[in-house]
1. Rank these for me by crowding, Leu91, Leu134, going from fewest to most other beta carbons within 10 Å.
2. Give me the number: length gained by fully extending Ala282 to Asp165, i.e. 0.36 nm times residue separation minus the C-alpha to C-alpha distance, one decimal in nm.
3. Hey, what angle do you get for helix 183-192 against the long axis of the chain, alpha-carbon based, 0 to 90 degrees rounded to 10?
4. If one takes the longest principal axis of the Cα atoms in the chain, at what angle in degrees, from 0 to 90 and to the nearest 10, does the Cα axis of helix 231-244 lie?
5. With both partners inside the chain, how many of the DSSP beta bridges are antiparallel, as a percent to the nearest 5?
6. Within 10 Å of each residue's Cβ, count the other Cβ atoms and sort Ser78, Ser249, Ser25, Ser68 from fewest upward.
7. Would you please put 168-174, 193-199, 18-24 in order of how densely packed they are, using the mean number of other Cβ atoms within 10 angstrom per residue and starting with the highest?
8. Sort the range 204-289 into rounded, prolate or oblate with this rule: let a ≥ b ≥ c be the square roots of the eigenvalues of the Cα gyration tensor; rounded if a/c is under 1.5, and if a/c is not under 1.5, prolate when a/b is larger than b/c, oblate otherwise.
Amino acid sequence: MSLPGAGLPDSRAATVDLHAHSTASDGVYAPRDVVRAAHEAGLAAVALTDHDTLGGVPEALATGAELSIRVVPGAELSTRFGDREWHLLALHVADVQGLDDRLAVYREARLARAERIVGRLVELGLPVTLQEILAESGGGSIGRPHVAAVLVRRGYVADFREAFDRWLGAGRPAFVDKELIGLSEACDMIHEAGGLAVLAHPGAYGRRATLEPMVRAGLDGLEVRHPGHAPDDERRLTNIAADFGLVRSGGSDWHGSPDGHRILDSMRVPHEWLEEQDERVAARRADRR
Ligand code: AMP
Ligand code: ZN
Ligand code: FE
Ligand code: FE
């Protein structure tokens with residue numbers, strides 16, 4: 001390729017991935033390795049969006065600076081609206097420490113929940129210890145995938161799928177509810193930290209009538225492109241985003257294992273979507289002044 005300015009990444013043609021997990025929560029790779037992988041995949045930007053933590057963001061930002069790839073500071077919050085759990089991405093967080101501090105209480109609740117899951121599993125005849133799960137989480141935000149990994153290692157199940165289908169999934173015998181942040185409160189927290197509140201993978205639940213009150217609660221955007229979406233979800237969500245004045249987002253939800261389409265850059269999210277988000281962030285911050 002011989003373009004003017006060859007050697008510089010052409011951000012117009014480039015793609016971004018705005019949803020990825022690391023060892024700060026239930027991902028396989030350390031934050032620096034997530035950013036390295038994003039760089040090797042040729043991405044112009046990657047967002048680190050660990051569950052209820054920004055603990056990996058400083059390391060990811062440092063690696064991004066070394067490798068000249070943009071890192072978007074983020075997190076994925078487990079929220080409640082109505083009678084459902086909705087995942088909410090915080091993207092473009094300015095006050096990383098401030099938002100992380102406010103999420104500490106939810107990480108503590110995840111620990112208490114893991115203890116209850118252990119109790120259930122022991123009763124069910126699958127002895128595991130909290131220590132094993134803590135070791136699996138490596139000090140990061142604890143989730144069911146850490147429990148699933150222990151069940152696999154102990155030979156109680158063949159793989160993650162069986163761990164969730166038989167024991168850990170919603171309605172299964174070792175399922176324990178998670179403490180959820182109210183959606184409106186979560187949007188306020190994100191805005192106070194200078195970020196955008198983007199509803200993660202709404203999928204088939206993302207209908208106009210359902211989303212309208214959520215927009216009034218503070219949503220800035222919709223993750224319209226995600227590996228869990230059916231073919232018509234993106235089209236419907238894109239129309240809803242346009243009508244409600246929401247920004248679009250998209251990402252692979254990569255956790256580091258080669259599971260299906262959840263690999264970095266599999267969603268081929270155009271750089272323009274990130275530019276739209278940058279404009280929205282700038283507008284939000286100007287409003288707050
Ligand atoms: P938690 O945050 O503890 O509720 O765990 C939710 C995480 O578990 C999700 O973000 C996924 O990474 C993973 N997960 C949920 N359901 C499944 C499943 N059926 N198979 C594999 N992983 C799953
Ligand atoms: Zn996860
Ligand atoms: Fe999610
Ligand atoms: Fe995720």
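All of the numbers you see were taken from the coordinates with simple rules; none came from a lab. The structure displayed is predicted, hence computed values, not measured ones. Virtual Cβ from ideal backbone geometry, glycine too; neighbours counted across all protein chains shown.
1. The most exposed by this proxy come first: Leu134, Leu91.
2. Gain on stretching Ala282 to Asp165: 37.8 nm.
3. With rounding to tens, the tilt is 50 degrees.
4. Roughly 60 degrees between the two axes.
5. Taking every DSSP beta bridge with both residues in the chain, the antiparallel ones total about 45 percent.
6. Ser68, Ser78, Ser25, Ser249
7. Working: 168-174: 14.4, 193-199: 25.4, 18-24: 28.3.
Answer by packing, highest mean first, reads 18-24, 193-199, 168-174.
8. Details: a/c = 2.24, a/b = 1.36, b/c = 1.64.
It is oblate, given that a/c is not under 1.5 and a/b is not larger than b/c.
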